[in-house]
There are 2 protein chains.
Amino acid sequence: MDRKKVAKATTKVISSYLTYQAVQTVLEQLTETNPPLALWLRSFSGRSILQDGEVYLLALLVENQELAFRIMTVREYLIEEIMEDLPEMVFHEIKLKNSQHRKQQLEKLSQLSVTEPRLNFESSSE
Amino acid sequence: MDRKKVAKATTKVISSYLTYQAVQTVLEQLTETNPPLALWLRSFSGRSILQDGEVYLLALLVENQELAFRIMTVREYLIEEIMEDLPEMVFHEIKLKNSQHRKQQLEKLSQLSVTEPRLNFESSSE
């Protein structure tokens, strides 16, 4: 496991996801202030290019620079807003889910043990 | 924009992505130590369930508990390894890309201005 490589790849995923969230925010705003433009942006963003935030923005810059700049500003604002809490939140989410999975699995196994006491649970892996 | 909602959704995305990265790490290890199991895990993980880390792990727990526990341990290790640097990295990535997009757009516009000095660049949006 290359720590730096994982950190860099994760950074790109978060950046793209916050671009997506910024698009949702701008779409909500436009639905109130400029419904035809909201409709256009929704149609433009429905294409698969939103998978990669930078590819999406490059395409949008060609079609509507003002909207692209607005989405860029919003995603910058979003990361500023959540960056402080994010590491702890992810850490606790993973710890919590792992602990839930382990607990549920143990409960399942103990229920099976009651009904079939001689069952062998050793994994066949490795 | 609901800050808490965005932070929570982003947390889930990162958790799922680190589960994917943990699967890649375990796959690399198994390719060395147990190629048939690596093949099996690759085939299992190729299904779309890897989009959601928890759904993926729940399915894997049924098929191979040991591998699921191993992936859970690796993703916990991964977040511990990268969590400290992550916020700054995402913040700088977004700032950098935004600045690059703005610069490139200005360069494009200034090139157009030279060839077509009277072109009106006002956006038609809103």
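Between rounded, prolate and oblate, where does region A:43-103 land on the alpha carbon gyration tensor, with a ≥ b ≥ c its root eigenvalues, rounded for a/c under 1.5, else prolate if a/b exceeds b/c? Judged from the Cα gyration tensor, region A:43-103 comes out oblate (a/c at least 1.5, b/c at or above a/b). In this simple spin-label approximation, residue B:85 and residue A:33 carry label points 7 Å from Cα along the Cα→Cβ vector, and these lie 3.8 nm apart. Computed 3J(HN,Hα) for region B:93-107, one whole-Hz value per residue from the Karplus formula 6.51 cos²θ - 1.76 cosθ + 1.60 where θ = phi - 60°, is 4, 5, 4, 5, 5, 4, 5, 4, 4, 5, 5, 4, 5, 4, 4, glycine and proline marked x.
Suppose only helical runs count, i.e. DSSP H with n ≥ 4. What mean residue ellipticity at 222 nm does that imply for chain B under -39500 (n - 2.57) per run, divided by all residues and rounded to the nearest 500 deg cm²/dmol?
-27500 deg cm²/dmol
Measuring heavy-atom accessible area with a 1.4 angstrom probe and counting protein chains only, the residues of region A:18-62 that give up at least 50 Å² relative to the chain alone are A:54, A:61.
Across chain A, Cα pairs under 8 Å and at least six residues apart give a relative contact order of 24 percent. Label-point distances for residue B:99 to the equivalent site in the other copies, using a point 7 angstrom along Cα→C-beta, read 4.1 nm when ranked shortest first.
The loop-placed trypsin sites (Lys or Arg not before Pro) in region B:5-54, going by DSSP, that have at most 12 neighbouring Cβ atoms within 10 Å of their Cβ come out as B:47.
Whole Å is fine, so just give me how far the alpha carbon centre of region B:7-21 lies from that of region A:53-105. What the calculation gives is 9 Å, centre to centre. Taking a straight line from the alpha carbon of residue A:5, these lysines sit under 29 Å away, with near neighbours fewer than eight places off in the same chain left out: A:95, A:97, B:4, B:5, B:8, B:12, B:95, B:97, B:103. Label point of residue A:32 (7 Å along Cα→beta-carbon): distances to the other copies' equivalent points are 5.5 nm, sorted ascending. Shown for region B:84-112: residues covered by the partner protein chains by 50 Å² or more of accessible area relative to the chain by itself (probe radius 1.4 Å), namely B:87, B:89, B:90, B:91, B:93, B:94, B:98, B:101, B:102, B:105. Distances from residue A:63 to itself in the other copies, using label points 7 Å out along the Cα-Cβ axis, amount to 3.7 nm in increasing order. Expressed as a whole percentage, what fraction of the accessible surface of the protein assembly as shown belongs to carbon and sulfur atoms when a 1.4 Å probe is rolled over the protein heavy atoms? Accessible surface attributable to carbon and sulfur in the protein assembly as shown totals 54 percent.
Straight Cα distances below 15 angstrom link residue A:108 to the aspartates and glutamates A:116, A:122, B:63, B:66, with same-chain residues fewer than 8 positions distant left out. For chain B, modelled as a GNM whose springs connect Cα atoms under 10 angstrom apart, the maximal fluctuation among B:99, B:45, B:15 occurs at B:99.
The values are calculated or read from the model by the stated rules, or taken from the named source; none is laboratory data. Remember, it's a predicted structure, so these values are computed and weren't measured experimentally. Cβ coordinates were reconstructed from backbone atoms using ideal geometry, including for glycine residues, and neighbour counts include every protein chain displayed. With ligands, DNA and RNA removed, areas are computed over all heavy atoms of the protein, side chains included. Shrake-Rupley method; radii C 1.70, N 1.55, O 1.52, S 1.80 Å.
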